[in-house]
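These notes concern the structure reproduced below.
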């Protein structure tokens, strides 16, 4: 009975669902649309859902004042961090799934706890460490600092992927004349590719969204990523919300692109990665 | 097939362990040492730091500001989690109904979880603004508010401005994990209960809740861990103000270390925060023991 009535009212549920999602995502729409408004339109008594006249000034004006450089910095930091995560995590996850390694449980526990550690615990020690290594005020400091979250996440996420990959595949590859290393590269990596994509995307987004590492370890504003730029702009622009929202929009575009491209894998991976 | 020669295994793990030991393990240990020392910007580079034992810990626990920050961290976390959890649970139940767009729409909501916290903070600062914020405009149009609330600059509301923002970010996380749990519930159990004539509410209390209990506890504990260590949102939106009304443990720790350059004191606050999280993590790990990761 109930089943039937639900099926029957399917269109109603679809519409309610759609309304929920529209309301829920409306802040993002609001941010993007505000970045195209003029300052006077933002401050008029009745807010407009669609700008009366589309303006690109908030983007054009700011590209001169460092927005382009900051976007580039964000990409440099996030892509480098992602590459480190991928190179380091894939073999480790594979080894923890397939080899008898002493202390494996302890290592996994350590990674799990790493994910729960507050950033503030490591900031002061890393500040001192980076100072002694002479890498304060370089891209390297935030790249290294943001890679740890991605490494822990990726290893915990990828290990079950490797565990569930059929062992017969490796055996066949070994019989075909592969050694363990080439079997890993040629056979195992393609099998767990969906997991690797999620790890790459998530570690990119970790680093892309990081604020405090860059703010703490980089003094030179020329090297700041978008997030640090936003933090600074809030103080500088005050209530020039079209400028601020343009900043936010640019920082959110890669997130949306990645999300749309990988949605199917991401949603599944995020669920698995956060429980494990 | 387990390989006999384990050398390759160790070689494969080595880079990850080396990086994590240097960038996570070492800082944890160093932070504990720091908290027992008197370290300022002056003696940071030199070796001359004096051990002062538990002085920092005695100091913070008799410090009103620390106790206020601790209380506000708890308040912020509990309020955020109750709201996120209830809304997330309701949405998970709704999207578990059998309609065409359900899983697509549910997936779409996840995008907010990936938005950089700095951007979410900026966006809500705008939306909560007393002069132009839609979150003042709409309630006033609807007659819920008679005058705008200075969400982030009024000491009575500032913490709630942050909670509101955090709830928006956290809903999809709760929803997704609970939905995963619901999907793994046995459909037959539901159907036989329907035949027995149990109504919606009876089914929810007698079947859904008890069967989901482990998942729900895990979601609550994970949510607690992630919320309790909040930093970016507070740092960007209020930086602990006005008049310390939104100061939380992580921002207080940062303030001591990087505004006052009292690294020892900052470290001790961070360690208290970490210890609280470890206690929650301990229960979390105990609960998920059956999980393969920590078998």
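Tabulated data
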read-out	value
Highest-first arrangement of A:95-102, A:13-20, A:174-181, where packing means the average Cβ count within 10 Å	A:95-102, A:13-20, A:174-181
Directionally averaged projected area (convex hull, Cα atoms, the stretch A:65-275), nm²	13.8 nm²
Packing rank of B:31-39, B:261-269, where each peptide gets the mean count of other beta carbons within 10 Å, highest leading	B:261-269, B:31-39
The protein assembly as shown shape via C-alpha gyration tensor axes, a/c threshold 1.5	rounded
Pairwise FRET efficiency - residue B:7 versus residue B:57, Cβ, R0 = 56 Å, nearest 0.05	0.80
Chain A: relative contact order in percent, alpha carbon pairs under 8 Å with at least 6 residues between	30 percent
Relative contact order (%) - the stretch B:51-288, alpha-carbon pairs under 8 angstrom, separation at least six	28 percent
Highest to lowest packing among A:45-51, A:232-238, scored as the average C-beta count within 10 Å	A:232-238, A:45-51
Three-way shape label, the stretch B:14-139, alpha-carbon gyration tensor, a/c 1.5	prolate
The stretch B:51-288 shape via C-alpha gyration tensor axes, a/c threshold 1.5	oblate
Residue-averaged beta-carbon neighbours from other chains (10 angstrom radius) around A:107-115	5
Within 10 Å of each Cβ in A:252-265, the average number of Cβ atoms from other chains	3
Likely footprinting exposure, B:56, B:260, fewest C-beta neighbours within 10 Å first	B:260, B:56
Gain in span if fully extended, residue B:29 to residue B:275, counting 0.36 nm per residue against the direct Cα distance	87.3 nm
Residue mean of other protein chain beta carbons inside 10 Å, B:217-225	1
Calculated FRET efficiency for the pair residue A:54/residue B:141, C-beta based, R₀ 22 Å, to 0.05	0.30
Choice from B:283, B:99, B:126 with maximal GNM fluctuation in chain B (Cα, 10 Å cutoff)	B:99
Sequence of A:167, A:37 once ranked by neighbouring C-beta atoms within 10 Å, starting from the fewest	A:167, A:37
Helical mean residue ellipticity (222 nm; -39500 (n - 2.57) per DSSP H run of 4+; nearest 500) of chain A	-25000 deg cm²/dmol
MRE, 222 nm, helices only [DSSP H, n ≥ 4, -39500 (n - 2.57), over chain B, to nearest 500]	-20500 deg cm²/dmol
B:221, B:42, A:82, A:193 arranged by Cβ crowding within 10 Å, fewest neighbours leading	B:42, A:193, B:221, A:82
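Bear in mind these aren't lab numbers, they're just calculated from the coordinates by the rules spelled out. For clarity, every value in this text was computed on a predicted model and none was experimentally measured. When we count neighbours, we look across all protein chains shown, and the Cβ atoms used for this are built from the backbone with ideal geometry, even at glycine.
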